[in-house]
Amino acid sequence: MKPITLIITLCALLNLSGCGLEPKTDTWSNQRLYSEAKESLDAGDYATAIKYYEILEARFPFETYAQQAQLDLIYAYYKYEEPESAIVTASRFIKYYPRHPYVDYAYYLKGLVNFQRNLGALDRLLPIDHSQRDQKTARESLQDFAELIERFPNSKYSQDARQRMIHLSNRLADQELHVARFYMKRGAYVAAANRAKTVIQSHQRTPAVPEALVILAKSYKIMGLNDLSGSALKVLKLNYPEHKGIAEVENLVVK
């Protein structure tokens, strides 16, 4: 391979701007910058799109294209797996452009970023038990989607947000249940009861509720709080009459 060919090949592989292969943007208009950025975004070249959007935002901060560039930049950061930058950009857009016609998209993307945050490739390919993981971003995503639906109930993103909220609520309920089981095994019945109550009160429509009622009834019974245990058992019988936990509570012998 000739030396000049080798240099050009290395520049292409390493994407070195100093090699002079990238077009100069110094004389580009805001329209040209946005057009080039959008073309890169549509092509899936998120790194280049981010670079152009950032230049556009810095050079023309008060132009119309800059506002749309910020929205596109949130998405580019999200696809390029830079969640922190995406969240910061979305929050800034919501703060400075609360009446923008597409601000609902910023709310939606913020929730979507948190929904996918900290998930690796294996999480998306394999059935991972999320109940044993930190759910901080799940709670943040749930809050983001709830705010979107509250502020923009007719947004075209609201239906998807609602479906994701169901998934998130199930995940959070499973985590609370996982911790409640742990406390029951350790004999920490007050803590177990509190976790079970969180499931029942905050995640009422999730599949975790019947087991939470069982844990609540058992923990109260063990602590000698028979009236509270009976109330939890009554709710369990009324709503889940075939649940096996009913017999477990009734047959529980407190020593």
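The values are calculated or read from the model by the stated rules, or taken from the named source; none is laboratory data. Being a predicted model, the structure only gives us computed values, none of them experimental. Every residue, glycine as well, gets a Cβ built from its backbone with ideal geometry; the counts of neighbours run over all protein chains shown.
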Query raised in the report: From the residues in segment 211-233 that are polar (S, T, N, Q) and more than 35 Å from the chain's Cα centre (by Cα), which one is nearest to ARG181 (Cα to Cα)?
Result: SER229
Query raised in the report: Within segment 234-244, is even one residue within 16 Å of SER169 (Cβ to Cβ), in contact (Cβ under 8 Å) with a residue 12 or more places away in the chain and in contact with a Lys or Arg (Cβ under 9 Å, 6 or more places away or on another chain)?
Result: no
Requested in this report: Considering only residues that are assigned to a helix (DSSP H, G or I) and of a type in the set (S, T, N, Q), look in segment 169-208 and name the one that is surrounded by the fewest Cβ atoms within 10 Å (Cβ to Cβ).
Outcome: GLN201
Query raised in the report: Can you name the number of the only condition in (1) at pLDDT 90 or above; (2) farther than 22 Å from GLY111 by Cα that GLU82 fails?
Result: (2)
Query - helices (runs of 4 or more DSSP H) completely within segment 37-96 that count 3 or more residues being among the β-branched types (Val, Ile, Thr) - result: 46-59, 83-96
Query raised in the report: Looking at this structure, is ILE166 closer than 30 Å to ALA106 by Cα, assigned to a helix (DSSP H, G or I) and of a type in the set (A, V, I, L, M)?
Result: yes
Query raised in the report: Under 7 Å by Cβ, and 6 or more places apart or on different chains, what pairs join a residue from segment 39-67 that is crowded, with 17+ Cβ neighbours inside 10 Å with one that is of a type in the set (D, E, K, R)?
Result: LEU41/ASP72; TYR46/LYS79; TYR52/GLU36; TYR53/ASP72; ALA66/GLU57
**Report entry** Boolean, PHE93 is modelled with pLDDT under 95, crowded, with 18+ Cβ neighbours inside 10 Å and not basic (Lys, Arg)
**Finding:** no
Report summary line: Picking from GLU242, GLU211, the residue that is under 30 Å from MET165 (Cα atoms), among the acidic types (Asp, Glu), out of contact with any strand residue (DSSP E or B) (no Cβ under 9 Å at 6 or more places or on another chain) and assigned to a helix (DSSP H, G or I) would be GLU211
